[in-house]
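The values are calculated or read from the model by the stated rules, or taken from the named source; none is laboratory data. Computed from a prediction, not measured in an experiment: that's the story for all the values here. Heads up, the Cβs are rebuilt from the backbone with ideal geometry, glycines too, and the neighbour counts pull from every protein chain shown.
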Amino acid sequence: MLSTHPAQLQNSGHQYLPLTDTSVKNLSPNQELLPLTAKVNSSDCLEIGGCDVTKLVEEFGSPLYILDEVTLRTACRQYREALARYYPGESLVLYASKAWSCLAVCAIAASEGLGIDVVSGGELYTALKSGVDADKIYFHGNNKSTAELEQGIESGCTIVVDNWLELRNLAELAQAAQPTRIAIRLTPGIECHTHEYIRTGHLDSKFGFDPNSLDEVFAFISQKPNLNCISLHAHIGSQIFESQPHKDLAGVLVDYLTKASHYDLSISELNVGGGLGIRYTESDDPPSIDTWVQGVCEAMVSACKRQQLPLPKLLCEPGRSLIGPTCVTAYTLGSRKVVPQIRTYVAVDGGMSDNPRPITYQSLYRVVVANRMSAPLTETLTIAGKHCESGDVLIKEATLPKTEPGDIFVIMSTGAYNYSMASNYNRLPRPAAVLVREGEAHLILQRETYQDVIRQDRLPKFLTP
Ligand SMILES: *Cc1c(COP(=O)(O)O)cnc(C)c1O
């Protein structure tokens, strides 16, 4: 909550630091701008996971994604422990890996007891390679190819069926000797935009079955011995700051579970999806992980009581709120351009290729200068990327100390939908990522080279010089 972390709001010095002298355990990572281990060291430099960020850039170059292990594990545990505290039935947290899919992140989530949600053959492949058990993998997607469905069946994961084409394909592909576990995704009639939500009977969404078709779906599946439907699923949006939509969703899912109980199916799980928001700027005020989980659990328990159903296994699938606050991106400052009376630009050595969210969604971010943490903030500048695109601006109005080329700019809360949406636009090699823990940095994504950039290029013979 804003009021409980005044240190984040001071407009100078340690303006965005969490209160590291309070126990890390009591902070909900999704309410913090910086990772939980962030500190300023005696050289006035930002330290994360015990590593001086300016030294990390010296060693690994920039741009550099810096992922704090403590913050990620804390977020995983808070979800898991809150479910154990507030839900008397079984539960499972799935990490929505599309937010950042790579071997190390999947492996950490799995080591915290989480399952993994994947939305493509590539994410499934990544999760399996990281050592995650297939029975804890859920395979989403609104247009899985036949090859992806076969890959899912082969792996033994649960396939979240999105539509009739997929359901019929699966009924063809699945083996009767080893029935394929499936979940049914439905459009719940609850839609969230960041600050508001609407409930309607019918929704314009490309995802999931129309609830009006569920009788037909359940009847179809009950005739297919090669399909074992275990779960109902819905996902209502992302970066949500209220608890009410997910509480309503719990009730809606329980209603559909009641409907399913009239068919010969063995649905034992309800999955409320992901969507809890995080803090990108001081004005973002999401509920804590604990508060959000408590709301969902209480709504689920009371809806089941009302419908006189036994408690299902409760699943949720956070992406952004697990990984977003765990990471910052470090850049090196380069050129400066003053446009008199209008604005001053400073440019960094990355941009829309490593963080496409500002240009795609007009997303807001905050910055600190890692080598001048307590310098007074004296200027408002525009932080531009280095791409050939006027819209390639990371922060339109950044409050900064006096800076010079070579300074290390750190943009916060970049764990979610940054690396996973990164591109090679302008043929920039994608950045490296390091996992920091207890003063050591471990490379988890190698920086791409120019060789990598042209790896898939082919030159037809007649063009060869
Ligand atoms: C994107 C997505 C999530 C995760 O959403 P966040 O807002 O990142 O928590 C969970 N489930 C499904 C099906 C998704 O598509």
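Results, tabulated for the structure shown:
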quantity: Residue list for the stretch 225-241, filter: away from the ligand (no atom under 16 Å from the Cβ) and surrounded by 19 or more Cβ atoms within 10 Å (Cβ to Cβ); calculated: L227, C229
quantity: Any pair with Cβ under 6 angstrom, 6 or more apart, that starts in the stretch 162-190 at a residue that is closer than 18 Å to I267 by Cα and ends at one that is among the aromatic types (F, W, Y) and within 16 Å of the ligand (Cβ to nearest atom); calculated: L186/F209
quantity: Residue selected from the stretch 412-427 under the condition within 26 Å of D452 (Cα to Cα) and in a loop (DSSP other than H, G, I, E, B), by the criterion farthest from the chain's Cα centre (by Cα); calculated: N424
quantity: Verdict on L270 being touching a Phe, Trp or Tyr at 6+ places or on another chain (Cβ under 8 Å) and either within 14 Å of the ligand (Cβ to nearest atom) or assigned to a strand (DSSP E or B) (or both); calculated: no
quantity: Count of the stretch 52-68 residues which are surrounded by 22 or more Cβ atoms within 10 Å (Cβ to Cβ) and within 15 Å of H442 (Cβ to Cβ); calculated: 6
quantity: Condition check for A127: farther than 19 Å from S97 by Cβ, in contact with a helix residue (DSSP H, G or I) (Cβ under 9 Å, 6 or more places away or on another chain), small (G, A, S) and not assigned by TED's automatic domain parsing to the domain that holds Y417; calculated: no
quantity: Selection count where residues are among the β-branched types (V, I, T) and within 16 Å of the ligand (Cβ to nearest atom), scope the stretch 242-267; calculated: 1
quantity: Qualifying residue in the stretch 428-438 (condition: assigned to a loop (DSSP other than H, G, I, E, B) and small (G, A, S)); calculated: no
quantity: Residues being within 14 Å of the ligand (Cβ to nearest atom) and either aliphatic (A, V, I, L, M) or touching a strand residue (DSSP E or B) at 6+ places or on another chain (Cβ under 7 Å) (or both) - total across the stretch 286-326; calculated: 14
quantity: Meets criteria (free of Cβ contacts under 8 Å to residues at least 12 places away in the same chain and either on the phi > 0 side of the Ramachandran plot or more than 16 Å from the ligand (Cβ to nearest atom) (or both)) for V348; calculated: no
